[in-house]
């Protein structure tokens, strides 16, 4: 009997000791599951209260919240910068033309974002010397079809025609490509919609629109162009070496420019000037195709001023970043 009572007392004592030990150690979900997604250990809470992330995911402090409750970047922050509205662009360009007697159309395409806009798209003017780019593209398309390179003579004529705007060189190449007929066929290949080749030998009387000129520039810059890569580079290379006194126009946008200008006083407009400028402009991370056609200016200088002012205003609008919210 005494031995049984002693054994009972020993078991009872051990049970009391075990109970006292277990009650001195608090057990929580945080301590047992620390390090698992959605839970914070005591050490993690201390770090979080000091303003430091408690998990390896930058900017995210794990809590006992459901997985789907994590804070995500706002949809507004993830959207690309909005393009300027057509109404805003139109208003700015109308302001730049206020008080001027000439008419003007300008078209732009941002190759990086795909944004494009054309002001006064219905205007058609004589192409004047910007058609020389079209003549050279026509010559190159014909040479590609014949599986041949340009002759040394053709290359000399092309250089004079683009870099120096030599009219005799343009007439020689116009005749080589087949005049209005040859130009018309090439323009259909290029997808031009509003360009009508001049009659007979009057290549400068070709009429065109700003959007069609951007399409020509697109044929010099896009991999889907009917022109091969070598020929695209060739034309842009000549346009980047235009003589300094003819480097006005779309160059007002700044940056690196490959361009061709055209200017012509027209009897049909009472001797007033047609002034055009087309080109590729690279500024920073953006590459723009810009074409400006205009007419009825009282002088060449006023026409150039109008063209360059429109280029500066439009490029600034397209390149502007929206204010942060």
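The values are calculated or read from the model by the stated rules, or taken from the named source; none is laboratory data. Please read these numbers as outputs of a predicted model, since none were measured by experiment. Cβ placement follows ideal geometry from the backbone for every residue including glycine, while neighbour counts extend to all protein chains displayed.
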Condition (residue is surrounded by fewer than 24 Cβ atoms within 10 Å (Cβ to Cβ), in a loop (DSSP other than H, G, I, E, B) and modelled with pLDDT of 95 or more) applied to the range 256-269: is it met by at least one residue? no
Please indicate, with yes or no, whether at least one residue in the range 224-246 is in contact (Cβ under 8 Å) with a residue 12 or more places away in the chain and closer than 25 Å to residue 102 by Cα. yes
For residue 287, indicate whether it is in contact with a strand residue (DSSP E or B) (Cβ under 9 Å, 6 or more places away or on another chain), touching a residue at least 12 places away in the same chain (Cβ under 8 Å), closer than 18 Å to residue 315 by Cβ and surrounded by fewer than 16 Cβ atoms within 10 Å (Cβ to Cβ). no
Being touching a strand residue (DSSP E or B) at 6+ places or on another chain (Cβ under 6 Å) and at positive phi narrows it down to one of 200, 255, 262, so name that one. 255
Working only within the range 84-128, note down all residues that are farther than 15 Å from residue 293 by Cβ and in a helix (DSSP H, G or I). 86, 87, 88, 89, 90, 91, 92, 94, 95, 96
Exclusive hit being surrounded by 16 or more Cβ atoms within 10 Å (Cβ to Cβ) and within 21 Å of the chain's Cα centre (by Cα), set 214, 275: 214
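What helices (runs of 4 or more DSSP H) completely inside the range 129-188 contain at least 3 residues that are more than 24 Å from residue 212 (Cβ to Cβ)? First the steps, then the outcome.
Working: elements: 131-145, 152-163, 167-177.
Passing ranges, in order: 152-163.
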Would you check if there is a residue in the range 297-304 being free of Cβ contacts under 8 Å to residues at least 60 places away in the same chain, surrounded by fewer than 20 Cβ atoms within 10 Å (Cβ to Cβ) and either within 19 Å of the chain's Cα centre (by Cα) or part of a loop (DSSP other than H, G, I, E, B) (or both)? yes
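Would the range 80-96 turn up any residue that is modelled with pLDDT of 95 or more, surrounded by fewer than 22 Cβ atoms within 10 Å (Cβ to Cβ), touching a strand residue (DSSP E or B) at 6+ places or on another chain (Cβ under 6 Å) and farther than 27 Å from residue 224 by Cα?
First pass over the range 80-96, keeping only residues modelled with pLDDT of 95 or more: none.
No: zero hits.
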